[in-house]
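Please read the structure below before turning to the comments.
Just so you know, all these numbers are worked out from the coordinates, no wet-lab data involved. In this text, all values refer to a predicted model and were calculated from it rather than measured experimentally. Virtual Cβ from ideal backbone geometry, glycine too; neighbours counted across all protein chains shown.
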Amino acid sequence: MRLVLYQPDIPQNVGAAIRVAACFGAVLDIVEPSGFPLDAKEIRRVALDYAALAPPTVHASWNEFLRAYSPESRLVLLTTRGEVDLWDFRFRADDTILVGRESAGAPDEVHAAADARLRIPLAEGARALNVAVAAAVALAEARRQLRRPEAAIASR
Ligand SMILES: C[S@@+](CC[C@H](N)C(=O)[O-])C[C@H]1O[C@@H](n2cnc3c(N)ncnc32)[C@H](O)[C@@H]1O
């Protein structure tokens, strides 16, 4: 499982996403530009020491990310404009979950490049989740679907 942050614009969210990726065993990618240095202290304050478990691979641009990206892995975009509910999507272990900017989401070209566009159903009147929270919800759902029965028994 892979998590990609598209042009993150709030350093604390990058820190939270690093921790989320580490805790759910996902590889982390960051697509630049972001509005701050990726060694910012605000990131470290939230990521704690989890960056050692999920050190991000940084791509200078969206096109550079696409060049590095394995075509076998499906690009699964989380978007408030998604046409499929997260709960109805069947994840695969090699899926890549992509999240947009806290301010503006993901642009049309990223929507067009995605193999699937998922929305997390929210309560009436709620607009969007925090980006790191959305990533955590999707990774947790993917892990729930892909869990091995023997692992579930072992954790009881
Ligand atoms: C704060 S939201 C972006 C809000 C932006 N105004 C929009 O509507 O796209 C930041 C990112 O979190 C993810 N996200 C937040 N809530 C979501 C939801 N209900 N369904 C799917 N993705 C969501 C998306 O990846 C989104 O790009």
> What is the distance in Å between the Cα centres of segment 15-47 and segment 69-132?
Replying inline: 18
> Mind checking which of G15, G82, G105 has the largest fluctuation in a GNM of the chain, springs on alpha carbons under 10 Å?
Replying inline: G82
>> Placing unit charges on C-beta atoms (Lys and Arg positive, Asp and Glu negative, everything else neutral), compute the dipole magnitude of the chain about its Cα centre in debye, rounded to 20.
In response: 520
> What do you get for Rg/Rh of segment 1-77 when both radii come from the Cα atoms and Rh is the Kirkwood radius?
Replying inline: 0.95
> Based on the Cα coordinates of the chain, what is the per residue volume of their convex hull in Å³?
Replying inline: 127
>> From the phi angles alone, apply the Karplus equation (6.51, -1.76, 1.60; θ = phi - 60°) to segment 34-41 and give each ³J(HN,Hα) in whole Hz, x where the residue is Gly or Pro.
In response: 10, x, 7, x, 7, 10, 4, 5
>> Quick query: amide H of I30 versus all other amide H atoms, modeled in the peptide plane; which residues come in under 5 Å with a sequence gap of 5 or more or a different chain?
In response: L5, T57, V58, H59
